[in-house]
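In what follows, a structure is listed as structure tokens, so that the remarks can point back to it.
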Amino acid sequence: MRGAPTILHLDMDAFYASAEQAAKPSLRGKPVIVGGLGPRGVVATASYEARVFGVHSAMAMAQARRLCPNAAFLTPRFTLYRQVSDAVMALLHTLSPLVEPLSLDEAFVDLEAGGTEPTAEAARAVGERLRNDIRVVTGLTGSVGLAGSKMLAKIASEQAKPDGLVLIEPGTERDLLGPMPVRTLPGVGPATAEALRRAGIHTVAETREAGEAELVRLLGRAHGASLFLMANGRDERPVVAERDAKSISVEDTFDVDLTDRTRVQLEIARLADRCVRRLREAGRSGRTVVIKVRRYDFSTLTRSETLRGPTDDPGVVREAAARLIEGVDTTAGVRLLGVGVSGLADYTQEDLFAQAARAAQAAEAAQAARGAQAAQGARAAHEALEGGRRTPGPATPEHVAAGAGEASEGAGKPRRWLPGSDVRHAEYGAGWVQGSGVGRVTVRFEEPWSEPGRVRTFAVDDPALEPAEPLPLLRPEEAAGRGGGGGPARVGGPGEAVGWGGGGGPARVGGPEEAVGRGGSVDPDRVGGPEEAVGRGGGSERAVGPGEAVGREGTVDLERGVGPEEVAGPERVGGAGKVVGRGGCAGPERGVGPEEAVGRGGAAGAGPADAGPAAPAAGTGRGGNRGGAVVSR
């Protein structure tokens, strides 16, 4: 334990979902759920708007759909998340050489090692500056915890969520921890918590009062002694800059149980290749190949084989995994398969037997190719002799060649257009998949720095539509003009300029008649058109056009819909009798311009074109098979 709160823990707020909202203007302020979209998928991250409805990480996606059916359900885009994570980790390394990443969005930092003065005031100043820098560089928010140990710093960052900073003063640890549930302590999972519950221990204070001897009796010497120290607020674990990975693995859960033996073998081979790619990207090799099989009844088993030496050869790993799966009965059904490599090393030692086998296979393939060439030559000679007897006419098409051409043309197309994935259209530019099904794909065309875009529907095999790489969350020129009180001057789409200043809030201009000012330290006052005034704060009123007033009450969290009239209040009218939405996840259709109506409610702002009912030509489509509103013309 340190006498000063110089260990910092950073945790980005709802990282995946926040990144998706930043990348997709139409989803800002609306519930977003990121994770596996299949029937057995799991929620990776839910935005704070979705958490209001009870959705949380690690929840089954099917349950999340029942709780918040109108949310946008998106597949993860790890390319984007890694880009943002790299920028955040670079900021952390400017604070100290001792940075211990735990995941893409979470890390410990030893501020003392970076030269920060060991005082609460200096540590708090560094934490506030870090939060501001993250917002400037990525446009996202993170929560910071500061304490004298890693355990307490992590607890502090949890209390700081969302977008806050909590500092635990040395000497207050025991009082802070006492009423917390025992699951708060590191290393206490469901099994340990159940063992403690049976002994009548539910809180950290009760754990401390039980004494070290009782905890050792219940949990064993190592675990019991460690838990007693942590219950007293003592955690001596250092921040470790480089944590050596013990294994590298990949796994897939299948929508339908696999019973076909050939399919199981093919999936194992595919997973082995993915595992080797990750192994090579990490610059490592491995000695032990492991497979994981979860059956239809959730029983899980593993099998492993240790090679003669470490390798990163895909053929060697694939053959070992194939041998292992041969010894597992999968006829009753398999819901999950995984392949991993452990015993990692920084060098490779090739398997000579595997090399000999590959050489023999190559020789057989060459012999077969020579035989095929000979047969083709004989067939060509025969056709030449027969050619004199044929009547001249149009050439017969080569069906094999035509098929190959079609295959190569469609090779870049994904088998499925997954909701949330990036695309580019030859005419309409960059966009993202909002939904697909029945041979059609719905795309919303917008960029992170643009206004919410229009939706168009295409055939899934439209040649003008191609997969694309994620766009950066901030425009490149935004990094050039950073001014104000330590914040950036942000330039968005046409007619948009955002200046960050004052107490950390932006002043944003978002269109010819829209101005949004985020001054002060907590809540913004927003003006969004001739007849729109939006005041966000505890108990403020929001007016959008004549005849509409919705009171926002409760907490001052800007990312959550709060108050009875925000989540399930009465109908809101914006303009001449137009229904705008009920807010949250359950709003009716909302008119968004002369020719477009968008369903689903949500945070409904109204501009000049939003002040009346939709024109007769308007069309509203509730659909897309993956959540969110889909508008088709």
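The values are calculated or read from the model by the stated rules, or taken from the named source; none is laboratory data. Model, not experiment: these values are computed from the prediction. We place every Cβ from the backbone using ideal geometry, glycine too, and count neighbours over all the protein chains shown. The accessibility values were calculated without ligands, DNA or RNA, using every heavy atom of the protein model including side chains. Shrake-Rupley method; radii C 1.70, N 1.55, O 1.52, S 1.80 Å.
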How large is ³J(HN,Hα) for each residue in the range 245-259, as worked out from phi by the Karplus curve 6.51 cos²θ - 1.76 cosθ + 1.60 (θ = phi - 60°), to whole Hz, x for Gly and Pro?
5, 8, 7, 10, 8, 9, 7, 9, 9, 9, 4, 10, 4, 8, 10
Tell me, what % of the accessible area of the range 64-182 is carbon and sulfur with a 1.4 angstrom probe?
53
Apply the Karplus parameterisation 6.51 cos²θ - 1.76 cosθ + 1.60, with θ equal to phi minus 60°, to every residue of the range 177-189 and state each ³J(HN,Hα) to the nearest whole Hz, in sequence, with x for glycine and proline.
6, x, x, 6, x, 5, 5, 5, 6, x, x, 9, x
Residue-wise, which Karplus ³J(HN,Hα) couplings in Hz belong to the range 329-343, taking 6.51 cos²θ - 1.76 cosθ + 1.60, θ = phi - 60°, and x for glycine or proline?
7, 10, 5, 6, x, 10, 9, 8, 10, x, 9, x, 10, 10, x
I'd like the FRET efficiency for residue 90 and residue 117, computed as 1/(1 + (r/R0)^6) with the beta carbon distance as r and R0 of 25 Å, rounded to 0.05.
0.60
Check residue 430: other-chain or 5+ apart residues with amide H under 5 Å from its amide H, H built from backbone geometry?
425
Taking the alpha-carbon set of the range 133-230, what are its Rg and Dmax in Å?
15.8, 51
Student exercise, the range 117-210 dipole from Lys, Arg, Asp, Glu Cβ charges, in Debye to nearest 20:
320
Under 5 Å from the placed amide H of residue 36, counting only residues 5+ away or on other chains, we find 42, 44
Mind putting a number on the dipole of the range 1-106 about its Cα centre? Charges go on the C-beta only, +1 for Lys and Arg and -1 for Asp and Glu, and I need it in Debye to the nearest 20.
460
Give me the accessible area per residue for the range 241-331, probe 1.4 Å, as a whole number in Å².
55
Rounded to whole angstrom, the alpha-carbon centroid of the range 201-272 lies from that of the range 27-95 at a distance of 23
Quick query: amide H of residue 468 versus all other amide H atoms, modeled in the peptide plane; which residues come in under 5 Å with a sequence gap of 5 or more or a different chain?
422, 423, 424
Segment residue 347-residue 175, length gained on full extension (0.36 nm per residue, minus Cα span):
56.9 nm
Find which of 6, 62, 44 sits farthest along the positive direction of the dipole of the range 1-68, computed with +1 on the beta-carbon of Lys and Arg, -1 on that of Asp and Glu, about the Cα centre.
62
Accessible area (Å², 1.4 Å probe, nearest 10) - residue 126
10
Row for the range 226-292, column shape: gyration tensor on C-alpha, a ≥ b ≥ c, rounded if a/c < 1.5 i.e. under 1.5, prolate if a/b over b/c, else oblate; value oblate
Within the range 86-113, name every residue whose backbone N is under 12 Å away from a label modeled 7 Å from Cα of residue 57 along the Cβ vector.
102-107
Using a/c under 1.5 as the rounded threshold, could you call the range 76-192 rounded, prolate or oblate? The axes a ≥ b ≥ c are square roots of the C-alpha gyration tensor eigenvalues, and prolate needs a/b larger than b/c, oblate otherwise.
oblate
